[in-house]
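See below for the structure under consideration.
Since every read-out is calculated from the coordinates, none of them should be taken as a lab result. Note that this is a predicted model, so its numbers are computed, not measured. Using ideal geometry, Cβ is built from the backbone for each residue, glycine included, and neighbour counts are taken over all protein chains shown.
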Amino acid sequence: MGLLQLLKSQFLCQLIICYVFLLSGLIVNLLQICSLPLWLVNKQLARRINVRLAYCVNSQMVAVLEWWSGTECTLYTDPENYPLYGHENAVVVLNHSFEVDFMCGWSFCERFGVLGSSKVLAKKELAYLPVIGWMWYFQEIVFCKRKWEEDRRTVSQSLQNLRDYPEHFWFLLFCEGTRFTPKKHQISMQVAESKGLPKLKYHLLPRTKGFWITVQNLRGTVAAVYDTTLNFRNNEAPTLLGILNGKKYHADFYVRRIPLELIPEEEAECAAWLHKLYQEKDSFQEHYTQTGRFPGPIVDPPRRPWPLINWLFWSCLLLYPLGLLLAQLISSGSMLTIFVSVAVCSAASLGVRWMIGQTEIGRGSSYGNKVVPLNNN
């Protein structure tokens, strides 16, 4: 282990990264709140401002992945479709198998300049979390309760609001609804058998209603679906803690562009189309397992410097006053002050450990851990 790698693995470095992320996120949240009056005067300008503010937060995660960890991303795709990426609205369908797949999805968005405007379908509880949740609210992220009768109306309305969005956006969907685990896979395949659906080896059954309602409400707004399959070389399963420790991984993306007009409009036909898509995704994963690569040519989108520049800006802005404060506390010589400072740092470190723990597969959502009724897609 080199000196730089040893430095990256120290918990103090992880604490500093999280400090910069959390405090800069709260500053961004405050700026977003200050933008509220502008929504009444010029909605499109307010949206453009919030795209940039969201980028200030999201790109820090990309910087940690690409610049701190040094993780590389290789893209397998059709060179004819490559020039369209980043220049059209799209629904991006991702597999949900890794603890850091959301970071890789953001890296994919960043490479094509749509990170600040990217959208996801997220559970409603996340909207109340400081930093990410509050930022997502102003970013017009679509929230759901995972209760179809309620979500059908609220999700549709949120999607309709995106029809006049002023910048190109990608809507990222994890159609499996929850992260892959052996237990969830076993239950999902029991459902597949009961419904007469082909079994999948590397995926859970997709939740078709969320996909159908998304494409139906975004027809005429998005041009295509990007079917995206992610895997990591050497059978590695990256973790957020590993990324923060500076461990380098190599991600492989396989992306197919499917024009939206090829996707059926009727719900039952759309559901059948999505199940077929996941059977194809399963075959791509099988090909990767056997050969160590996805089919098709490799196209390398350049790693852009803006996430690193943004990250360095916030680090310099927030670490300098912190250093002055710590110096004053130490020079004061007050045992009470030093004790309180140590207590605050300890609480912060526990908070960081808790946040890291929430990304672990074993601590994931219980959604999908029980057999659902047969009429629930």
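Which angle between 0 and 90 degrees, to the nearest 10, do you get for helix 267-291 versus the longest principal axis of the chain when only C-alpha atoms count? Helix 267-291 sits roughly 70 degrees off the main axis of the chain. A DSSP coil position with no more than 13 other Cβ atoms inside 10 Å describes the following GluC sites (Glu not before Pro) in region 172-270: GLU265, GLU266.
With all projection directions averaged, the alpha carbon convex hull of the chain covers 20.8 nm². Rounded to the nearest Hz, the phi-derived 3J(HN,Hα) couplings of region 16-29 under the Karplus curve 6.51 cos²θ - 1.76 cosθ + 1.60 (θ = phi - 60°) are 5, 4, 5, 4, 4, 5, 5, 5, 5, x, 5, 5, 4, 4, where x marks glycine and proline. Only one residue of TRP67, ASN81, ASN50 has its Cα farthest out toward the positive end of the dipole of region 1-121, where Lys and Arg carry +1 and Asp and Glu -1 on Cβ, and that residue is ASN50. Return the subset of LYS209/LYS276; LYS184/LYS209; LYS145/LYS276; LYS183/LYS247; LYS119/LYS209; LYS145/LYS281 for which the Cα-Cα distance in this structure is over 21 Å, preserving the input order. The answer is LYS145/LYS276; LYS183/LYS247; LYS145/LYS281. Computed from the Kirkwood radius of its Cα pairs, the Stokes-Einstein diffusion coefficient for region 154-210 at 10 °C and 1.306 mPa s stands at 117 µm²/s.
In the chain, the DSSP-assigned H stretches of four residues or longer account for a calculated mean residue ellipticity at 222 nm of -17000 deg cm²/dmol, using -39500 (n - 2.57) per stretch and the full residue count as denominator. On a 0 to 90 degree scale, rounded to 10, what angle separates helix 101-111 from the longest Cα axis of the chain? For 101-111 against the chain, the angle is about 90 degrees. Taking the chain as a Gaussian network of alpha-carbon nodes connected by springs under 10 Å, the highest mean-square fluctuation of the residues GLY105, GLY116, GLY292 belongs to GLY292. Out of all Cα-Cα pairs in region 178-317, roughly what percent, to the nearest whole number, are more than 19 Å apart? In whole percent, the long-distance tail amounts to 65.
Just to verify a number: FRET efficiency for LEU325 and ALA127, C-beta to C-beta distance, R0 = 30 Å, to 0.05? Display every interim value, and only then the final one.
On the way: r = 32 Å, r/R0 = 1.08.
Step by step, r from the Cβ atoms, then E = 0.40.
For helix 208-218, report the angle its Cα long axis makes with the longest principal axis of the Cα atoms of the chain; keep it between 0 and 90° and round to the nearest 10°. Compared with the principal axis, the helix lies near 80 degrees. Toward the positive end of the charge dipole of region 139-224, with +1 on the Cβ of Lys and Arg and -1 on the Cβ of Asp and Glu, the farthest Cα among SER188, CYS144, GLN160 is that of SER188.
For the chain, modelled as a Gaussian network with Cα springs under 10 Å, which listed residue fluctuates most, MET335, MET135, MET103? Top of the fluctuation ranking is MET335.
Using the Kirkwood formula over every pair of different C-alpha atoms, what hydrodynamic radius in Å results for region 145-261?
Taking every pair of different Cα atoms in region 145-261, averaging 1/r and inverting gives 17.0 Å.
Largest GNM mean-square fluctuation among PRO295, PRO130, PRO37, using the chain with Cα springs under 10 Å: PRO37.
Under Stokes-Einstein, with the Kirkwood radius over Cα pairs as Rh, the value for region 1-75 at 4 °C and 1.567 mPa s is 89 µm²/s. Distance from the Cα centroid of region 184-238 to that of region 114-162 is 19 Å (rounded to whole angstrom). Cα centroids of region 280-340 and region 40-81: 14 Å apart.
As a size descriptor, the averaged projected area of the C-alpha convex hull of region 1-130 was calculated at 10.5 nm². Only Lys, Arg, Asp and Glu carry charge here, each on its Cβ (+1 for the first two, -1 for the last two); on that basis the chain has a dipole of about 740 debye about its Cα centre. DSSP assigns beta bridges within the chain; of those with both partners inside it, close to 35 percent run antiparallel.
Over all Cα atoms in region 239-330, the spread is summed up by Rg and Dmax: 22.7, 68 Å.
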